[in-house]
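Here the structure comes first, spelled out in structure tokens, and everything after it is commentary.
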Amino acid sequence: MKKLLAIVISSLIVCLSCVCVFAAGINSSEASVLSSMRTPANMKGNNVYVPSSYINQAEAYFNTIDMTQAQASKINGIISQGRSFLEKTGKSSLKELTASERQTLIGYASSAAAVLNLSAAAGSDNTGVKVITKNGDVIVDDSGSVIKTTGAQHSVAPFVAISVLAVMFSFAGAGVIYSRKKSFVYEEIK
């Protein structure tokens, strides 16, 4: 009986500690675009970066697609053109850009988004960027609140509990059958 109890407890521990987690990854093409997004533009000695919220949201979207090397090359080229444009404006920060220069910058974002069949427009305060799918789903927004969880949408606790109960009942049933057969064999020997 002690062995059976040890088996049940061991099985219970194994069932409770084995919860599979899967995370989508990004491929090398997507990684190169994210790296390009992280490269700063040097505006009159000041390094200007793409906001980390944009990069995080882009990475979350990249986890849902499979970008090709050709798409990545086009996007990286457009990002490089946008970076070069910023450096040639003669301004020291994004706040100093004129409305026309901001629109040109949005144009670069729009061109890069179009490579993935997305569209880009000025954000809520006309300084940020909003990237939208053809279905109208917002992928990147200047609010930073667009990141969606990936993977399991529900708790795995009920599944684990049901699995543990099933294993426990299986072992209990096996124990009952084993003990009855053992007592039956013992009675016939007498």
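The values are calculated or read from the model by the stated rules, or taken from the named source; none is laboratory data. This is a predicted model, so every value here is computed, not measured. Positions of Cβ are generated from backbone atoms using ideal geometry, with glycine treated the same way; all protein chains shown enter the neighbour counts. Remember, those area values only see protein heavy atoms, side chains included, never the ligands or the DNA or RNA. Shrake-Rupley method; radii C 1.70, N 1.55, O 1.52, S 1.80 Å.
What the table shows:
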{"quantity": "Carbon and sulfur %, accessible surface of the range 47-139 computed with the full protein complex present, 1.4 Å", "calculated": "50 percent"}
{"quantity": "Candidate residues 59, 101, 30: accessible-area rank, largest first, probe 1.4 Å", "calculated": "59, 101, 30"}
{"quantity": "Distance in nm between pseudo-label sites at residue 64 and residue 46 (7 Å out along the Cβ direction from Cα)", "calculated": "3.4 nm"}
{"quantity": "Built amide H within the under 5 Å cut-off of residue 139, gap 5+", "calculated": "131, 132, 133"}
{"quantity": "Karplus (6.51, -1.76, 1.60) ³J(HN,Hα), θ = phi - 60°, over the range 100-109, in Hz, Gly and Pro reported as x", "calculated": "5, 5, 5, 5, 4, 5, 4, x, 5, 4"}
